[in-house]
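Okay, so here's the structure we're looking at.
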Amino acid sequence: MSVARGRVRPNRRTRRSRADNPMRGIVTGRADRITIYALLIVLAVLFAFPLYSAIVKSLEVNGIQNYISLFTDPVGDIPIWQTYLNSLAVGVVHATVVLTVSVTAGYAFSKLHFRGRELGFSAVLLFLAVPGIAILVPVYRITQELGLFNSYVGVGLPEAAITIPFGVLLMRNYGRNISDSLIEAANLDGAGHFRIFWNIFVPLSRPAIVNLTVLCFIWSLQDFLWPSFLFTNPSLTTAAQAVSTFSNALGRGAGDLARFNASLVVLAVPAVLFVVFGLRFIVNGLTTGSTKD
Amino acid sequence: MTIREQPRQVLKRRASKRSDWKVALVFLLPLLVMYAIYYLYSIGFLASTSTTKVSVTFFNSIDVGWRNYAQLLTDPVFIRSMVNNILFACISIVAALTVAFFIATALATGVRAKRFFYLIFLLPALMPLSLVATIFGSMLTERTGILNQTLRAIGLGALAQPWLTQPGLAFAVVAVIFCYLIGLPIMYYTADLSALPTESLEAALLDGAGTFRIMRSIIYPMMRGTHITIILSLLLGSFRSLEVVLFSTRGGPGQSTEIVGSYIYGFATSGGPTIGFVSAVSIIVLVIALVLSIAQMVVTRPRKDMR
């Protein structure tokens, strides 16, 4: 439609495309548009197939009853909603620690002037790529020393340690876009750094803080590594671990398989909610944090 | 404040800028504490443990010198898992630079139901990896999996395969799961596309170039920085994706689909005196991660000057 309109009034198209979406203009022909739709639909079908197959499987025997029974008669002694709550509780610790560390460090690296600032920042980024599995042994030891097995803090802390380099990068990148003149003005008015931090930097970084918080909760929801080593109490099972708990608790009969697939579908629900309600925060957070400039 | 006082005020402020380091130390304190515990202490602990033979209780450790490293570097399974790791990463990079690029560009051209498409393409990357891999595993089970059932139902039973238990197929399955998780590259491309300079697009349009030609010859080369970010992030991500293997093929058959993460996981959960050995592997993974981080810093630096 918009293509046709563009053909009739080329001037208007150029203006419109500049204003709202320059990419809109690149689809010039009807054939191209159809090809794009066709390819997208084929890919979408491929991408949706696994989840679709889980839904089909889950309804094969006993139908919707499989979903109801997940809540009325918990599989493997752990109610499925409890696994969400456990992930959420870990997420609270994870987000709290990451925000405390990243926002303060982000302020220091973007707004304070001290010798070795860039070097220090590079040193922080050095650990951006460390996979959790590489510090598994020492984290196990640290958790042992601190007596933090089977506690949300025990899992939230190493998750935060892995996220912090990213969080600092995100907050520092965002902080650099906050105008220095505001801070200088506050400085001239006699406000100290702590007041500037709390009354100017934190409120102005709110978008970045929200993005980072959403990401922390997503990553806690996804994390399998730390809970699997640091939680031994079955009642603390998180959503990412629940997959194996349910798989172990259920047999290989058709009824059990249907129930198992129902549990997989239900476990995918939080991710769907995140995408539906929080996609903007996720995309903004991940992409502002991805580059160093 | 009078005009005459102003220069002095500025001078004072400059002076105070230079002495910010005390304040900076306070603001950096939480970061320093976390880094000291989880990175500095960790690396020291790994280095010292990697030369011992010890179980997870950390009692009665026996000093074995460099033997863990020697054993590691001559272990064909370790070599294999390292090679697999890089192969899977490369396959997902190819998928990202082609499919993810296409999806992001196509969705940026103002197609209908954009949000719905985003939901479908990004969802896999935001679900727990353990869940995604399990769904694939259950879908591809030889007897009860839906893929073989479907093939049999439509009379293509001959194509039904033992997807997870035949080495070549199992490898392909893990590779497919890695390609399924290209949500992050799609996000990177989408963000970069929204900042695309319009002029070159308009010039190409005036030249009468078709959609796919513009995508390939104009937009694709302009995304160089994003391509590099994606390549490095997928390379690093592959070391974090042990669940992909653990929950689909369990590294099998015969450890042929093992990656570094699942290799470490296997030894760490074995319960024997393997912790020294695990530490040695960890040190090697850490070195790789740090080298890749430095590469990322070096590569992304010129980009800053370009813009």
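The values are calculated or read from the model by the stated rules, or taken from the named source; none is laboratory data. This structure is a prediction, so every number in the text was calculated from the model and none was measured. Using ideal geometry, Cβ is built from the backbone for each residue, glycine included, and neighbour counts are taken over all protein chains shown.
Could you tell me which numbered condition B:ILE228 fails, if it satisfies all but one of (1) surrounded by fewer than 19 Cβ atoms within 10 Å (Cβ to Cβ); (2) assigned to a helix (DSSP H, G or I); (3) over 16 Å from the mean Cα position of the chain (by Cα)?
(3)
Using beta carbons and a limit of 6 Å, which pairs, at least six apart or on different chains, have the first residue in region B:113-142 and more than 8 Å from chain A (Cβ to nearest Cβ) and the second one polar (S, T, N, Q)?
Hits for this filter: B:ALA133/B:SER248; B:GLY137/B:SER248.
Based on what the data block shows, is A:SER220 without any contact (Cβ under 8 Å) to a residue 40 or more places away in the chain and under 25 Å from the mean Cα position of the chain (by Cα)?
Values: without any contact (Cβ under 8 Å) to a residue 40 or more places away in the chain: no; under 25 Å from the mean Cα position of the chain (by Cα): yes.
No; evaluated as a whole, the condition is false for this residue.
Any residue at all in region A:32-50 that is at pLDDT below 90 and in a helix (DSSP H, G or I)? Full working, then the answer.
Step one: list which residues in region A:32-50 are at pLDDT below 90, which gives A:32-33.
Subset that is in a helix (DSSP H, G or I): A:32-33.
Checking region A:32-50: at least one residue is at pLDDT below 90 and in a helix (DSSP H, G or I).
May I ask you to say which residue of B:LEU232, B:LEU290 is aliphatic (A, V, I, L, M), under 26 Å from A:ALA240 (Cβ atoms) and facing chain A (nearest Cβ under 9 Å)?
Numbers: B:LEU290 fails: under 26 Å from A:ALA240 (Cβ atoms).
Matching residue, one of B:LEU232, B:LEU290: B:LEU232.
Restricting attention to region A:249-260, does a residue exist that is under 30 Å from B:ALA104 (Cα atoms) and either buried (at least 19 other Cβ atoms within 10 Å of the Cβ) or touching a His at 6+ places or on another chain (Cβ under 6 Å) (or both)?
no
For region B:65-169, give me every one of the helices (runs of 4 or more DSSP H) that falls completely inside it and has 1 or more residues that are farther than 28 Å from A:ILE218 by Cβ. Steps first, please.
Working: elements: B:67-73, B:76-95, B:101-108, B:114-126, B:129-139, B:146-153.
In region B:65-169, B:67-73, B:76-95, B:146-153 are the helices (runs of 4 or more DSSP H) which contain 1 or more residues that are farther than 28 Å from A:ILE218 by Cβ.
Does region B:150-196 hold any residues that are within 9 Å of another protein chain (Cβ to nearest Cβ), of a type in the set (Ser, Thr, Tyr) and touching a residue at least 40 places away in the same chain (Cβ under 8 Å), and which are they?
B:TYR180, B:TYR188, B:THR190, B:SER194
Out of the residues in region B:54-65 that are hydroxyl-bearing (Ser, Thr, Tyr) and closer than 25 Å to A:ALA161 by Cα, state the one that is surrounded by the most Cβ atoms within 10 Å (Cβ to Cβ).
Start the filter on region B:54-65 by keeping residues that are hydroxyl-bearing (Ser, Thr, Tyr), which leaves B:55, B:57, B:61.
Now restrict to residues that are closer than 25 Å to A:ALA161 by Cα: B:55, B:57.
Values: B:SER55: 15, B:THR57: 10.
Restricting to residues being hydroxyl-bearing (Ser, Thr, Tyr) and closer than 25 Å to A:ALA161 by Cα, the top hit is B:SER55.
Which one of these is charged (D, E, K, R), surrounded by 19 or more Cβ atoms within 10 Å (Cβ to Cβ) and more than 9 Å from chain A (Cβ to nearest Cβ): B:GLU258, B:GLU199? Write out each step before concluding.
On the way: B:GLU199 fails: surrounded by 19 or more Cβ atoms within 10 Å (Cβ to Cβ).
The unique qualifying residue is B:GLU258.
Can you give me the ranges of the helices (runs of 4 or more DSSP H) entirely in region A:171-237 with at least 2 residues that are of a type in the set (Asp, Glu)? Let's see the steps before the verdict.
Values: elements: A:180-188, A:193-196, A:206-222, A:225-230.
Qualifying helices (runs of 4 or more DSSP H): A:180-188.
Within region A:136-150, is even one residue away from chain B (no Cβ under 11 Å), in a helix (DSSP H, G or I), buried (at least 24 other Cβ atoms within 10 Å of the Cβ) and at pLDDT 95 or above?
no
Scan region A:97-113 and tell me whether some residue there is more than 9 Å from chain B (Cβ to nearest Cβ) and under 17 Å from A:SER220 (Cβ atoms).
yes
Given the structure, is A:ILE183 under 26 Å from B:TYR35 (Cα atoms), among the β-branched types (Val, Ile, Thr) and surrounded by fewer than 24 Cβ atoms within 10 Å (Cβ to Cβ)? I'd like the intermediate steps shown before the answer.
On the way: under 26 Å from B:TYR35 (Cα atoms): no; among the β-branched types (Val, Ile, Thr): yes; surrounded by fewer than 24 Cβ atoms within 10 Å (Cβ to Cβ): yes.
No.
Across region B:88-112, which residue is surrounded by the most Cβ atoms within 10 Å (Cβ to Cβ) among those that are without any contact (Cβ under 8 Å) to a residue 24 or more places away in the chain and facing chain A (nearest Cβ under 7 Å)?
Going residue by residue through region B:88-112, those that are without any contact (Cβ under 8 Å) to a residue 24 or more places away in the chain are B:90, B:94, B:98, B:106, B:110-112.
When the remaining residues are screened for being facing chain A (nearest Cβ under 7 Å), the result is B:106, B:110-111.
Values: B:ALA106: 22, B:GLY110: 17, B:VAL111: 16.
Among those that are without any contact (Cβ under 8 Å) to a residue 24 or more places away in the chain and facing chain A (nearest Cβ under 7 Å), it is B:ALA106.
Scan region B:28-53 for residues that are within 24 Å of the chain's Cα centre (by Cα), buried (at least 20 other Cβ atoms within 10 Å of the Cβ) and more than 7 Å from chain A (Cβ to nearest Cβ) and jot them down.
Answer for region B:28-53, where residues must be within 24 Å of the chain's Cα centre (by Cα), buried (at least 20 other Cβ atoms within 10 Å of the Cβ) and more than 7 Å from chain A (Cβ to nearest Cβ): just B:TYR35.
Looking at (1) facing another protein chain (nearest Cβ under 10 Å); (2) surrounded by fewer than 24 Cβ atoms within 10 Å (Cβ to Cβ); (3) under 15 Å from the mean Cα position of the chain (by Cα), which is the only condition A:ILE164 fails?
(2)
Can you tell me which residue in region B:18-27 is nearest to the other protein chains (Cβ to nearest Cβ), limited to those that are surrounded by fewer than 18 Cβ atoms within 10 Å (Cβ to Cβ) and either in contact with a strand residue (DSSP E or B) (Cβ under 9 Å, 6 or more places away or on another chain) or assigned to a helix (DSSP H, G or I) (or both)? Can you show your working first?
Filtering region B:18-27 for residues surrounded by fewer than 18 Cβ atoms within 10 Å (Cβ to Cβ) gives B:18-19, B:21-22, B:25-26.
Checking the rest, the ones that are also either in contact with a strand residue (DSSP E or B) (Cβ under 9 Å, 6 or more places away or on another chain) or assigned to a helix (DSSP H, G or I) (or both) come to B:18, B:21-22, B:25-26.
Numbers: B:ARG18: 7, B:TRP21: 4, B:LYS22: 9, B:LEU25: 8, B:VAL26: 8 Å.
For region B:18-27, the residue satisfying everything is B:TRP21.
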